[in-house]
Amino acid sequence: MTRKWLRWLPAVAVPAVIAAGALAGSLPASAGDPLPTKTPEQVLQLIAQHRTPALSGTLEQSSELGLPELPKTGTGPDSSSTAWLELLTGPHTARVYRDGPDNARIQVMDRLAERNAVRHGNEVWFYNSKDNTASHLQLPANPAGAANHRGDGRDATATPDQLATMLLAKIEPGTDVTVGADVQVAGRAAYNLVLTPKSDATLVGSIAVAVDGQTGLPLGVEIKARGQADPAFRVTYTSLTLGAPDASVFTFSPPPGATVQEIPVPEHKRGNDAGNAAAPAAKDSARKPAVTGSGWDSVVEFPAGTAGPASDAKAPALLEQATVPVQGGRLLSTALVNVLVLDDGRVVAGSVPLERLQAAAAQK
Amino acid sequence: MLCALAAIPVLIAVAVRVSSAVPPGRGPAFLDRIAQNGLFVGVTAMVVSVPLFLPLTVGVVAGDTIAGEAGLGTLRYLLVAPAGRIRLLIVKYAGTALFVLVAPLVVALTGAGIGAALFPVGPVTLLSGDTIEPGEAVVRLLLIAAYLAVSLLGLSAIGLFISTLTDVPVGAMAATVVLSVVAQVLDALPQLGSLHPWLFSHYWLDFGDLLRQPVSWDAFAGNAVLQGGYIAVFGALAYCRFITKDVLS
């Protein structure tokens, strides 16, 4: 009898070995603080002095915003009205190539599809393989703030350095800035710059920026919501190679059979540009949004009819599903931002609890 | 069974040929490209056959390995020969692996062939928007077939193990096919995200990574490791079950 059971040993041993191997692989590699200690100011300087290097790498973005996640059935068609919502829910992987300020390419890799944004000199191409459409944008000869255009509109996965520059610009007296224990990102030792809002009223718990110890390149951004263990939003490099990628990566011409569309050159940068996303959408409209409060717990109020997604033609049905009715309007609640659509058409938004939004709305 | 698989691309090609133009973004991926480039018949046929048709045929072949012999009453005669049970198991698995290798190849090559016969062939547009020459495209097509062959090796190891459990071949076949469907359903539920990387079907549709420029090998490597794990676990299980089994038929 025991002999017979002994012969089952391999069937137990093999899964055990695999489980042990998987466990050993998933343990975080202890960095052991290999980098010299730096103050937050020095880390900020390290970021500020870094020059756009030549690199190729893979980015991974994931969100836990508390929005319902849409099942990915893989090959099905995707309507463009839900595409922006999809970017906020599921995880995404993108490949990034950069060579100097004028050459960049980002490939958002979907299942059996891909969204591309390519910049070569002053030519910018967007390509979506799902419907085989390409759009072309000719930048003005003297591009101001050139590096920002990669994060423009179409590709919602911003690179860590864009995000970090944006977030660090907001550092103010209301924020605690510390340097945490060193982390390993994409196999590189990195400083971990942690920003913690001093205010209790905001939903943002902390923001951590991983800064490469050698080059000062931001390698990852992690935003945690208050009282949530998993990061509400994170974008980080999973692999990174410094050095110029193959030049052919940046040359793009629309494939035969593709629908090509010419995008008119914007005269000045729009609100949804990555560079100043802090003041969204309605910037160039005559009716400016009103801001109450300051710092982390400020509340933005859009007059009726100006706020972007809420006044979209397709939005009502979507809005109906994503929001819950509350006193005075409907609430779109996520881990980081609450948006209150009032019955009179005004939209109040902020990284604060619902009560504060209602109070701000009542003031007017 | 190979003929049934070969019928899939033929059906697709003929259907697209006789029907009107397919609007982009409708139906299975790449269907709208077929009319412009015949080589996409092969790709579309593989997209269509991955979720059900390929696992179905692999389940039939793998489920039949041991249980089929037992059901026919020939298993004990095979074991009377001084070949040993381990060798029999290895040869049976090798036979399944050969089928797994040939099946996607048949779909790809029949697709490319019928596509070239019915539609124009030209430079192929990749997912990244870059175009490559038809010769290189055929190489990519063969790579995808190899990817699918690797993808199905894990399922065939599961089928081999189930086949050692029973004397009824149909039961083993059905169980294997059902498992492949269950794994895909689980893979589609976002609530089970932590389980997904462990499902043998997790990488099945990621062969699109071979159609990018430059080629992304991450899915290929991850898939190979995962399938290797399944082969090791279920190979060991099948081995233990088979050497301890009382063969009565």
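The values are calculated or read from the model by the stated rules, or taken from the named source; none is laboratory data. These figures come from a predicted structure and were not determined experimentally. For neighbour counting, all protein chains shown are included, and Cβ atoms are generated from backbone atoms with ideal geometry for every residue, glycine included.
Worth a mention:
- Selection within the stretch A:98-118: residues that are within 24 Å of A:Gly243 (Cβ to Cβ) and surrounded by fewer than 21 Cβ atoms within 10 Å (Cβ to Cβ). The member of this set that is nearest to the other protein chains (Cβ to nearest Cβ) is A:Asn103.
- Screening B:Asp246 on (1) more than 8 Å from every other protein chain (Cβ to nearest Cβ); (2) at pLDDT below 95; (3) buried (at least 20 other Cβ atoms within 10 Å of the Cβ) shows it passes everything except condition (3).
- If you go through the stretch B:65-109 and keep only what is modelled with pLDDT under 95 and polar (S, T, N, Q), you end up with B:Thr65, B:Thr74.
- Conditions (1) surrounded by fewer than 23 Cβ atoms within 10 Å (Cβ to Cβ); (2) small (Gly, Ala, Ser); (3) in a helix (DSSP H, G or I); number of the one not met by B:Ser216: (3)
- Within the stretch A:119-134, considering residues that are part of a loop (DSSP other than H, G, I, E, B) and within 13 Å of another protein chain (Cβ to nearest Cβ), the one nearest to A:Ala104 (Cα to Cα): A:Ser129
- Pick from the stretch B:37-82, criterion farther than 21 Å from B:Leu98 by Cα and among the small types (Gly, Ala, Ser), ranking: nearest to the chain's Cα centre (by Cα): B:Gly38
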